[in-house]
Amino acid sequence: MKQYEGVRKGMIEIVWNFIITACVAVLGSCLGYKLHIPAGTLIGAMIFAAAFQVVSGEAYMPIGLKFYTQAATGMYIGAKICREDLSGLRETAKPTFILMAVMLIFSIGAGLLIHSVSDLSIATALFSMAPAGVSDMALAAMDFDAEPSVIALMQTVRIIFILCLIPSIIRLLDRSLQNRMERPHGHQKQKASQTNSQNSWQNLILTLGVGLLCGYAGKVLNVPGGTITFSMIGCAVLNLCFGRGCMPLWVRQFIQIFAGALIGCTVYREQIEQLQSMLGVVLLGAIGFLLMDLIAAALIVKFTTMDLLTALFACAPGGLTDMTLIAENMGGDSLKVAEMHTMRLIAVIAIYPTVVSHLL
């Protein structure tokens, strides 16, 4: 009976922490939006949730929410894909090749540099500078006797640094951005033929069902970026073949709030304390990632037809879901951004450990 009571109290505490965290994230997103911070909805939620976690240690977002956030992002992009968008996908082949080449050269060079100026082992330094998922690189590094905790810290700082800085830098680089903030974004085009579809609750429910089913298939198959990619493809097929894709604009706001809260909840006081002891190395890595984004984007704009805004988001080594959402919010082509980030994740996870093994 006492055990039963303990479980009940534990569940109440979890639910209460979730409600408080969600309220804090909503407050932060509203403030970020009101202050006109680039991608303020996501970044505001992330900063407030992280602050709540560091101060109280009680911030909570169910880990399963990550799947629904990723699937919803894929649905939102896929439900707006039209035939004209498909023809534009061929344009991403050359930019993707340029990104992968710059990414590989940079990651190895930056990893070797950090190894030479710090006490980190060569394996730890190399995996710390790999632009892939936090858990992916930390787990892969275990096979090379690296330090997963250090890698996770470096990768977490990389994602937060990119999320906070890239939107502001893009606003400075793209002077026309302010004129584009309030109009339909990226490949999102409002078509008269889809107006009725987009206002249909039946089509919304159908889109949710297809997106969740396809996203789950991508997750089960363990494909890098599979949840968002499969969800996007499923909803794109639904819209292209039947014209039934439907994801209202307000859905994006909820996705951004919970995506920001999920990231914020991964920041712990211990990480902040550890960060202080290796601040120089972490800053060097974060600045390096920023330079990689700028160099790769500049090369893509020079040698392809991709615009600067989309190139910067496509090359930014942040999370697939986060970069796609922010690109959509700020006027980039989120479809191309999602495609290039998926290829980035696949390339890093498939190729990078083999490259590291030859360097050790």
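The values are calculated or read from the model by the stated rules, or taken from the named source; none is laboratory data. All of these numbers come straight from a predicted model, not from anything done at the bench. So basically every Cβ, Gly included, is an ideal-geometry build from the backbone, and we count neighbours across all protein chains shown. Side chains are part of the model used for accessible areas, which takes the heavy atoms of the whole protein and leaves out ligands, DNA and RNA. Shrake-Rupley method; radii C 1.70, N 1.55, O 1.52, S 1.80 Å.
On full extension of the chain, what length is gained from Leu291 through Ser357, given 0.36 nm per residue of separation minus the C-alpha to C-alpha distance?
Values: separation 66, 0.36 × 66 = 23.76 nm, distance 2.55 nm.
Between Leu291 and Ser357, full extension yields 21.2 nm more.
Whole number in Å², please: accessible area per residue of the range 236-319, 1.4 Å probe, ligands, DNA and RNA not counted. Provide the component values of the computation, followed by the final result.
On the way: 3610 Å² over 84 residues.
That works out to 43 Å² per residue.
Pop a pseudo-label 7 angstrom from the Cα along the beta-carbon direction at both Leu172 and Leu27 and give the gap in nm to one decimal.
Label-label distance for Leu172 and Leu27, simple model: 3.1 nm.
Distance check, please: which entries in Lys302/Lys336; Lys34/Lys66; Lys66/Lys336; Lys34/Lys302; Lys66/Lys302; Lys34/Lys219 exceed 29 angstrom between their Cα atoms?
Working: Lys302/Lys336 17 Å; Lys34/Lys66 26 Å; Lys66/Lys336 22 Å; Lys34/Lys302 36 Å; Lys66/Lys302 36 Å; Lys34/Lys219 36 Å.
In this structure, Lys34/Lys302; Lys66/Lys302; Lys34/Lys219 exceed 29 Å between Cα atoms.
Residue by residue through the range 105-112, which ³J(HN,Hα) values in whole Hz follow from phi under the Karplus form 6.51 cos²θ - 1.76 cosθ + 1.60 (θ = phi - 60°), with glycine and proline marked x?
Rounded to whole hertz, the list is 4, 5, 4, 5, x, 5, x, 5.
Once you list every other residue whose beta carbon is under 11 Å from the beta carbon of Thr227, what net charge do they have if Lys and Arg are +1 and Asp and Glu are -1?
Numbers: positive: Lys66, Lys219; negative: none.
Result for the local shell: +2.
So if I take the centroid of the Cα atoms in the range 238-264 and the same for the range 100-121, what is the distance between those two points in Å?
Distance between centres, Cα-based: 36 Å.
Can you sort Arg252, Arg244 by solvent-accessible area, 1.4 Å probe, largest first?
Details: Arg252 10, Arg244 90 Å².
Of Arg252, Arg244, the descending order of accessible area is Arg244, Arg252.
I'd like the carbon and sulfur percentage of the solvent accessible area for the range 206-312, probe radius 1.4 Å, heavy atoms only, ligands and nucleic acids excluded. Intermediate values should be presented prior to the final figure.
Working: 3680 of 4990 Å².
Carbon with sulfur: 74 percent of the solvent-accessible area.
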